[in-house]
Amino acid sequence: MNQHPKRYKKQLINLLKCAIVAAAFYFIYDQVRLSKAVEWNRLLAVMSQHSVVFIVFILSLSVWNRYFEILKWQNLVQSFQPLSVGRAAAQVFGALTAGIFTPNGFGEYAGKAFFFEKSKAKKIIFLNLLCNGIQMVITVVFGVIGLVYFNAAFGVFEAKTVLLLAGCFVVLLSLLFSIKKITLKGYSIDFFIRKVTEIPARIHRKNALLGMGRYLVFSHQYYFLFLFFGVNLPYFALMSVITSSYFLSSSLPSFQFLDFAVKGSVALFFCGLLGINSWIPLLITAIMWVLNVVIPVGIGSYFVLNFKPTSSL
């Protein structure tokens, strides 16, 4: 008698896995179909002008980008249980696939939690918050530095506008710390800070170092792609465009499958101020999307389809 519910549960899980993979690829297909502004034909023309070594180097940066993310996740989970690199990779890629059609990748949190016992779901969501949180902090720090440098070099905004924005940022931080004891559904910023301090400092240090490594790899992949398409601006000027664009686009609510459309629009604004042809930032952002989202989602689909739920689910 108990076999029927188990069979139905297994069929439901298989259906859910297929639905996630099908939805992920549909959204990717739909976005590529609608990306008429991206001049993909120019890519082949430019590739013929570069050596295979340089192209392989660009591709290898995507591998390093995800590898650092896998090591970050392994490091955080090992704060309470062992986790191999292989299993960490399965969880990272699988969660990415599950989160591609959710706002700002929120589905990734649930995706990783499914790989663990139900009793550990809250801990996994918390660790994923730390994993993504350090990446956002690094993005904000480099993004603000990039904006300040870009504005100082090219005078886009008036000094009073910069001061106003800085003032708003300080007020926002002050407000967050002033309400840290306010509780929402049993949680508060003060509670979150206490939970963070419970994790060993060495875990946080490694998380920050790996996050920094991932950011440098990702941002310099952008940089080398600009060189790939013949943009020869000074290093710091070009990096300020990249860090500023990534910071502002990451601050906007969006879906993973719309990632390159949002980032491309912001990059287009900054590149336009420097006289860079509009097709270059759009195509570069689309390439970054394919290398760092589409291909990993394809890999993650394998892990989603082969996912076996824990006995406690």
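Of all residues in region 266-293, how many are closer than 10 Å to V231 by Cβ and either open to solvent by less than 10 Å² (accessible area, probe 1.4 Å) or assigned to a helix (DSSP H, G or I) (or both)?
So the count comes out to 4.
Kindly indicate which of S62, S79 is touching a residue at least 40 places away in the same chain (Cβ under 8 Å), within 21 Å of V294 (Cβ to Cβ) and of a type in the set (S, T, N, Q). If you could, list the steps in order and put the result at the bottom.
Numbers: S79 fails: within 21 Å of V294 (Cβ to Cβ).
Selected residue: S62, the only one of S62, S79 that is touching a residue at least 40 places away in the same chain (Cβ under 8 Å), within 21 Å of V294 (Cβ to Cβ) and of a type in the set (S, T, N, Q).
Please work out which one of (1) at pLDDT below 90; (2) at negative phi is the condition N104 fails and give its number.
(2) is the only condition that N104 fails.
Can you work out which of the residues in region 97-148 that are under 12 Å from the mean Cα position of the chain (by Cα) and in a loop (DSSP other than H, G, I, E, B) is farthest from F192 (Cα to Cα)?
Within region 97-148, the match that is farthest from F192 (Cα to Cα) is I100.
Collect the residues in region 230-252 that are of a type outside the set (S, T, Y), at pLDDT 85 or above and open to solvent by 60 Å² or more (accessible area, probe 1.4 Å), keeping them in residue-number order.
Within region 230-252, N232, P234, F236 meet the criteria.
What single numbered condition from (1) at pLDDT below 90; (2) surrounded by fewer than 20 Cβ atoms within 10 Å (Cβ to Cβ); (3) within 24 Å of S244 (Cα to Cα) fails to hold for S119?
(3)
If you take the residues of region 169-222 that are assigned to a loop (DSSP other than H, G, I, E, B) and at pLDDT 70 or above, which of them is surrounded by the fewest Cβ atoms within 10 Å (Cβ to Cβ)? So that I can check it myself, show each step before the final result.
Quick first cut of region 169-222, residues assigned to a loop (DSSP other than H, G, I, E, B) only: 179-183, 185-186, 188, 199-200.
Then drop every residue that is not at pLDDT 70 or above, which leaves 199-200.
Values: I199: 16, P200: 10.
Per the criteria, the residue is P200.
Restricted to region 48-89, and to residues that are farther than 21 Å from V217 by Cα and assigned to a helix (DSSP H, G or I), which residue is most open to solvent (accessible area, probe 1.4 Å)?
If we take residues in region 48-89 being farther than 21 Å from V217 by Cα and assigned to a helix (DSSP H, G or I), then R87 is most open to solvent (accessible area, probe 1.4 Å).
The values are calculated or read from the model by the stated rules, or taken from the named source; none is laboratory data. Fair warning: this is a prediction, and the values are worked out from it, not measured in the lab. Please note: Cβ atoms are built from the backbone with ideal geometry, for glycine as well, and neighbour counts cover all protein chains shown. Keep in mind that these areas ignore ligands, DNA and RNA; they rest on the heavy atoms of the full protein, side chains included. Shrake-Rupley method; radii C 1.70, N 1.55, O 1.52, S 1.80 Å.
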